[in-house]
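Working notes for the structure below.
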Amino acid sequence: QVQLVESGGGLVQAGGSLRLSCAASRRTFSTYAMGWFRKAPGKEREFVAALSWDGSNTYYADSVKGRFTISRDNAKNTLYLQMNSLKPEDTAVYYCGADSRNLYSDVWESYDYWGQGTQVTVSS
């Protein structure tokens, strides 16, 4: 069992930045591929970014490519999402997930564990 806790969400103006963190409860964090998804009101859940267990492979949704950066610090059992040049359409609840089976994945059902989410609101 891996518990994940997201933090770092908040209210920011368009063009601003936020850094989300996802703290994992177990040292086996380093064996999991990790990812971020988001869910906006009235919209379907959307893949944001993912990376492999060692961080050497990353994968981004086209909508965030060039603006968001996913990274991890296995020594701290923590996943990050640096979000720059934020847009109102980035407003959503952001969730981090841990995947024990794939190098990285953009499929929600691939993930074994999820955090409770953190709200990001971008004002225009």
If I filter segment 37-55 for residues that are in a strand (DSSP E or B) and of a type in the set (S, T, N, Q), do I get at least one hit? no
Would you please list the contacts, defined by Cβ atoms under 6 Å and residues six or more apart or on different chains, that run from a residue in segment 95-111 that is closer than 15 Å to C22 by Cα and assigned to a strand (DSSP E or B) to a residue that is open to solvent by less than 60 Å² (accessible area, probe 1.4 Å) and among the charged types (D, E, K, R)? C96/E6; A98/D112
If only one of A23, A50, A40 is of a type outside the set (D, E), open to solvent by less than 20 Å² (accessible area, probe 1.4 Å), touching a strand residue (DSSP E or B) at 6+ places or on another chain (Cβ under 7 Å) and under 24 Å from S100 (Cα atoms), which one is it? A50
Quick one: is V12 outside any strand (DSSP E or B) and surrounded by 14 or more Cβ atoms within 10 Å (Cβ to Cβ)? no
Sort out which residues of segment 78-94 are within 14 Å of the chain's Cα centre (by Cα) and not in a strand (DSSP E or B), and write them in order of number. N84, D90, T91
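Every residue, every condition in (1) over 24 Å from R26 (Cβ atoms); (2) β-branched (V, I, T); (3) open to solvent by less than 50 Å² (accessible area, probe 1.4 Å), yes or no:
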| position | (1), (2), (3) |
| --- | --- |
| G66 | yes, no, no |
| K76 | no, no, no |
| Y80 | no, no, yes |
| L86 | yes, no, yes |
| C96 | no, no, yes |
If I filter segment 9-19 for residues that are modelled with pLDDT of 95 or more, among the aliphatic types (A, V, I, L, M) and in contact with a Ser or Thr (Cβ under 6 Å, 6 or more places away or on another chain), do I get at least one hit? yes
Among (1) farther than 19 Å from Q116 by Cβ; (2) of a type outside the set (F, W, Y); (3) surrounded by 15 or more Cβ atoms within 10 Å (Cβ to Cβ), the one test that M34 misses: (1)
Scan segment 12-48 residue by residue and report those that are under 16 Å from D90 (Cα atoms) and either over 17 Å from the mean Cα position of the chain (by Cα) or free of Cβ contacts under 8 Å to residues at least 60 places away in the same chain (or both). V12, Q13, A14, G15, G16, A40, P41, G42, K43, E44, E46, V48
Has segment 68-88 got any residue that is of a type outside the set (G, A, S) and touching a Gly at 6+ places or on another chain (Cβ under 7 Å)? yes
Hey, any hits in segment 109-124 for a residue that's buried (at least 18 other Cβ atoms within 10 Å of the Cβ), touching a Pro at 6+ places or on another chain (Cβ under 6 Å), aliphatic (A, V, I, L, M) and farther than 14 Å from A49 by Cα? yes
If you go through segment 42-55 one residue at a time, do you hit one that is among the acidic types (D, E) and farther than 28 Å from S123 by Cα? yes
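The values are calculated or read from the model by the stated rules, or taken from the named source; none is laboratory data. Every value quoted in this text rests on a predicted model; they were computed, and no experiment measured them. Neighbour counts run over all protein chains shown; Cβ positions are idealised from the backbone, glycine included. Protein only, heavy atoms only, side chains kept; ligands, DNA and RNA dropped before computing areas. Shrake-Rupley method; radii C 1.70, N 1.55, O 1.52, S 1.80 Å.
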